[in-house]
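No lab work stands behind these numbers, since they all come straight from the coordinates. Source: prediction; values computed, not measured. Every residue, glycine among them, receives a Cβ derived from its backbone with ideal geometry; neighbour counts consider all protein chains shown.
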Amino acid sequence: MTKMRSIVRSFALIMVLLVPALSWGQNTNSSISGQVTDPSGAVVPGAQLRLTAVSTGVVANFTSGTDGLYAFQNLLRETYELSVSAKGFRDFVLVSKSETLLTRRFRRFL
């Protein structure tokens, strides 16, 4: 019986040490990513994106790649204002919570 208790104690000790280590990999932050396109669906490379945290005023800037892609990583969950500008296009502004922010298109000047 003492051998069985020893095995149970060893298993319990391993679980106590292992479970907290597994929880370290969890992340509660979010990210916002997408692709800047015009109304026809063509990508807009080099668009300037500015993401502002509404409650703190913290700003992050990004320039879309040649494929129009952008990504803001490791964001706290809160409300953000995303503004997009590119030469020959109207500026676009969207305010939304980070977990519901949608990728939107902005229109070209006529």
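Before moving on, here are some points about what is shown:
- Cleavage-rule hits, trypsin sites (Lys or Arg not before Pro), the stretch 39-91, DSSP coil, Cβ neighbours within 10 Å at most 10: LYS87
- GLN35 paired with SER85, simple spin-label distance in nm, labels 7 Å along Cα-to-beta-carbon: 2.6
- Cβ-placed point charges (K, R +1; D, E -1), dipole of the stretch 30-97 about Cα centre in debye, nearest 20: 80
- Long-range HN-HN contacts of VAL58 with modeled amide H, under 5 Å: ALA53
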